[in-house]
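Worksheet for the structure shown next.
Rule-based calculations on the coordinates, nothing more; no lab input. Predicted, not measured: the structure shown is a model, and the values here were computed from it. We place every Cβ from the backbone using ideal geometry, glycine too, and count neighbours over all the protein chains shown.
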Amino acid sequence: MNYQNDLTFARQQDEQDPLKNFRSRFLIPRHKGEDAVYLCGNSLGLQPVSAQQYLADQLNTWQNLAVEGWFQGDDPWLDYHKQIQSSIARIVGAQENEVAVMNSLTVNLHLLMVSFYKPSSKRFKIIMEGGAFPSDQYAMESQVRFHDLDPKETIIEIFPREGEATLRTGDIIDAIDKNKNELALVLFGGINYYTGQFFDLKAIANAAHEAGAYAGFDLAHAAGNVPLQLHNWGADFACWCSYKYMNSGPGGISGIFVHEKHFTDKELNRFAGWWGYRRDKQFLMAPGFDPEMGAAGWQVSTSPIPLLALFKASMAIFDDAGGLDTLRQKSIRLTGYLEFLIQAINQELGEEAYKIITPADPNARGCQLSVVCKQNARAIFNYLAQNGVIGDWREPDVIRLSPVPLYNTFEDVYKTAKLMADALKAV
Ligand SMILES: *Cc1c(COP(=O)(O)O)cnc(C)c1O
């Protein structure tokens with residue numbers, strides 16, 4: 001891709017963008033009377049214009065039908081989740097019966113650990129990426145303690161080599177191989193929240209299985225961002241939130257994936273609830289838990305219909321956009337443009353004022369670029385914010401910028417880089 005460092009070029013790209021009409025399906029925050037440049041979809045995706053209506057429809061059903069809403073009306077609540085299951089399955093590369101929507105992300109991580117972390121005296125270790133999202137670290141530590149094990153002797157974190165910011169796939173595989181006799185689980189983020197590195201999940205799943213361990217993935221930063229093939233890669237389980245790249249609103253409902261090879265495995269523990277019971281007999285309220293076949297059998301509690309409605313509004317947009325492959329094409333070019341413009345700032349200065357720690361290979365990243373500011377990092381971030389660029393700050397000196405193909409433009413990216421150049425003189 002040949003990029004040019006000028007606004008006319010950026011606007012031409014927007015004009016030719018096959019997804020250009022999707023921006024108007026989102027509510028863009030305002031800054032001083034204009035659209036802000038929102039590059040924070042990695043943290044909270046924007047509200048679909050349709051979200052209010054989807055929610056209002058369910059509030060109306062509640063108003064008019066009350067409890068009968070579970071069985072009556074246009075979208076009976078009992079099967080409401082099924083309307084989005086195929087969209088979600090496409091996004092994560094799964095069969096429909098391998099996904100379920102329920103709870104929130106960290107809760108689901110715990111529930112899946114109940115099934116897929118059953119340490120024995122011989123196999124008990126967990127490998128994860130160093131510097132994983134803190135909630136995942138806390139979840140793993142507490143799971144390990146729950147089994148009366150010592151996290152220090154149980155959890156192996158893999159860190160980048162000295163002087164490097166991201167992990168080499170070969171080093172991950174080596175670590176898995178080295179611990180193969182004691183390894184119970186490899187638990188990786190799909191995309192690391194801090195560096196933006198998209199891991200080779202297929203290679204990691206293969207290595208885990210060769211070592212006799214399970215492979216599980218937290219896809220919070222990957223789902224809706226990069227194409228995934230959970231079924232074909234043979235992942236054992238995965239979970240994700242829907243409020244980042246999937247735009248389902250703050251605290252939106254989470255999703256899980258359980259590979260079909262585990263559906264009938266009676267060895268897997270589950271923390272059960274009535275919503276995971278066989279649907280055809282759920283209301284017989286019989287004693288003894290008999291799970292629904294599929295990921296749905298991991299559900300615990302009654303579906304939160306308002307959250308599902310918000311998620312459904314967003315899934316309709318993903319479906320209309322033609323799925324992840326179309327989004328990904330634009331995403332690669334959009335993030336590549338941001339990278340090009342940041343490098344241009346460095347070149348003009350003759351020094352690396354902004355160091356991008358996200359991998360340069362588009363296959364090893366998603367939308368996000370993580371940028372280390374050499375000097376005045378916080379002041380630069382504040383300068384961007386004061387000028388209408390909403391990015392995301394991480395201590396001590398990292399700004400994360402995530403142009404999202406559904407609602408960001410090449411002009412957004414151009415404006416951001418221009419302000420980043422100005423900031424170096426202004427702060
Ligand atoms: C965003 C994120 C979370 C947040 O979990 P919640 O339970 O939804 O608060 C957890 N893990 C990762 C990797 C994340 O990126």
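Calculate, in nm to one decimal, what PHE159 and ALA426 gain on full extension: separation in residues at 0.36 nm each, minus their alpha carbon distance.
Values: separation 267, 0.36 × 267 = 96.12 nm, distance 3.58 nm.
That pair, PHE159 and ALA426, stretches by 92.5 nm at full extension.
As a quick test, which of the pairs LYS202/LYS261; LYS82/LYS180; LYS118/LYS178; LYS122/LYS281 have an alpha carbon distance above 28 angstrom in this structure?
Numbers: LYS202/LYS261 17 Å; LYS82/LYS180 39 Å; LYS118/LYS178 20 Å; LYS122/LYS281 40 Å.
From LYS202/LYS261; LYS82/LYS180; LYS118/LYS178; LYS122/LYS281, over 28 Å: LYS82/LYS180; LYS122/LYS281.
May I ask you to list the GluC sites (Glu not before Pro) in segment 148-254 that are in a DSSP loop and have at most 14 other Cβ atoms within 10 Å of their Cβ?
The qualifying sites are GLU162, GLU164.
Sequence-distant or interchain residues sharing an amide H contact under 5 Å with ILE158, placed H: which?
MET128, GLU129, GLY130
Calculate how steeply helix 51-65 sits against the longest principal axis of the alpha-carbon atoms of the chain, using the helix alpha-carbon long axis, and give the answer as 0 to 90 degrees to the nearest 10.
30 degrees
Are there any chymotrypsin sites (Phe, Trp or Tyr not before Pro) in segment 97-162 that are in a DSSP loop and have at most 15 other Cβ atoms within 10 Å? List them by number. Please list the in-between numbers first.
Working: sites: PHE116, TYR117, PHE124, TYR138, PHE146; in loops: TYR117, PHE124.
Qualifying residues, ordered by number: none.
Measure nothing fancy, just the Cα-based angle from helix 105-116's long axis to the longest principal axis of the chain, in degrees from 0 to 90, nearest 10.
Once rounded, one gets 50 degrees.
What percent does the relative contact order of segment 180-278 come to when contacts are Cα pairs within less than 8 Å and at least six residues apart?
Values: 148 pairs, mean separation 21.4, N = 99.
Averaging sequence separation for qualifying contacts and normalising by length gives 22 percent for segment 180-278.
Hey, what's the per residue convex hull volume over the C-alpha atoms of segment 1-81, in cubic angstrom? Walk me through the numbers before you get to the answer.
Numbers: hull volume 14.3 nm³, N = 81.
Hull volume over Cα atoms, normalised by residue count, gives 176 Å³.
Note the full-extension length gain between LEU149 and PHE271 as 0.36 nm times their separation in residues minus their Cα-Cα distance, in nm to one decimal. Walk me through the intermediate numbers first.
Numbers: separation 122, 0.36 × 122 = 43.92 nm, distance 2.04 nm.
Value of the extension gain: 41.9 nm.
In whole Å, largest first, what are the principal axis extents of the Cα atoms in segment 304-417?
Its Cα atoms span 51, 27, 24 Å along the three principal axes.
Using Cα springs under 10 Å in a Gaussian network model of the chain, which residue among GLU292, GLU348, GLU141 shows the largest mean-square fluctuation?
GLU348
Would you mind calculating the relative contact order of the chain from Cα pairs under 8 angstrom and at least 6 residues apart, reporting the percent as a whole number? Kindly include the intermediate steps, with their values, before the conclusion.
Values: 787 pairs, mean separation 97.4, N = 427.
Once divided by the residue count of the chain, the mean separation gives 23 percent.
From the phi angles alone, apply the Karplus equation (6.51, -1.76, 1.60; θ = phi - 60°) to segment 379-395 and give each ³J(HN,Hα) in whole Hz, x where the residue is Gly or Pro.
Those phi angles translate into 5, 5, 4, 5, 4, 4, 4, 5, 9, x, 9, 9, x, 9, 9, 10, 4 Hz.
How far is the Cα center of segment 82-123 from the Cα center of segment 315-391, in Å?
30 Å
Regarding the chain, what whole-number volume in Å³ per residue does the convex hull of its Cα atoms give?
In the chain, the Cα hull volume divided by residue count equals 147 Å³.
Hey, any idea what the orientation-averaged projected area of the convex hull of segment 129-206's Cα atoms comes to, in nm²? Don't jump to the answer; show the numbers that get you there.
Details: hull surface 21.3 nm².
About 5.3 nm², averaged over all directions.
Past 18 Å, Cα to Cα: identify those pairs from LYS20/LYS418; LYS374/LYS425; LYS32/LYS374, in the order given. Don't skip to the end; give the middle numbers.
Working: LYS20/LYS418 22 Å; LYS374/LYS425 14 Å; LYS32/LYS374 29 Å.
As for pairs spanning more than 18 Å Cα to Cα, those are LYS20/LYS418; LYS32/LYS374.
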